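Below: the structure, in structure tokens.
The values are calculated or read from the model by the stated rules, or taken from the named source; none is laboratory data. The shown structure was predicted, so the numbers you read here are calculated from the model rather than taken from an experiment. Don't worry about glycine lacking a Cβ; one is built from the backbone with ideal geometry, like all the others, and counts go over all protein chains shown. Heavy atoms of the whole protein, side chains included, go into the accessibility calculation; ligands, DNA and RNA do not. Shrake-Rupley method; radii C 1.70, N 1.55, O 1.52, S 1.80 Å.
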Amino acid sequence: ERLLRAKAVIERTGLARSTIYLHAKQGLFPPPVKIGMNVAAWPEQEIRHVMEARIAGKTEDEIRNIVARIIRERTGLAA
């Protein structure tokens, strides 16, 4: 699975960097994964899941549930 740096996420989503981080804070977008001291990236598949949900017209609550599931899966806490 590819990790996407911020520039690639911006290009794929059409969102501004500040909006990506705001949405992550609001639970509407997965937070980045630290891959170095000052380097973060997003798993490509996670971004795809969230964007597919937006395209499908999911509500913000439904998207928050998707993001919460993504985070649980990252940490191995998926039920």
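Here is a yes/no grid of residues against (1) open to solvent by less than 90 Å² (accessible area, probe 1.4 Å); (2) touching a Phe, Trp or Tyr at 6+ places or on another chain (Cβ under 9 Å); (3) touching a residue at least 12 places away in the same chain (Cβ under 8 Å):
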site	(1), (2), (3)
1	no, no, yes
44	yes, no, yes
50	yes, yes, yes
57	yes, no, no
71	yes, no, yes
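Condition first: part of a helix (DSSP H, G or I) and either open to solvent by 60 Å² or more (accessible area, probe 1.4 Å) or closer than 19 Å to residue 34 by Cα (or both). Now tell me which residues in the stretch 59-69 satisfy that. First the steps, then the outcome.
Taking the stretch 59-69 first, the residues part of a helix (DSSP H, G or I) are 60-69.
60, 61, 62, 64, 65, 67, 68, 69, listed by residue number.
For the condition within 11 Å of the chain's Cα centre (by Cα) and not hydrophobic (A, V, I, L, M, F, W, C), what is the one hit in 34, 7, 58, 25?
Working: 34 fails: within 11 Å of the chain's Cα centre (by Cα); 7 fails: within 11 Å of the chain's Cα centre (by Cα); 58 fails: within 11 Å of the chain's Cα centre (by Cα).
After ruling out the rest, the residue left standing is 25.
In the stretch 39-55, what residues are under 13 Å from the mean Cα position of the chain (by Cα), outside any helix (DSSP H, G or I) and more than 18 Å from residue 19 (Cβ to Cβ)?
To start, the set of residues in the stretch 39-55 that are under 13 Å from the mean Cα position of the chain (by Cα) comprises 40-54.
Narrowing the set further to residues that are outside any helix (DSSP H, G or I) leaves 40-43.
The one that is under 13 Å from the mean Cα position of the chain (by Cα), outside any helix (DSSP H, G or I) and more than 18 Å from residue 19 (Cβ to Cβ): 43.
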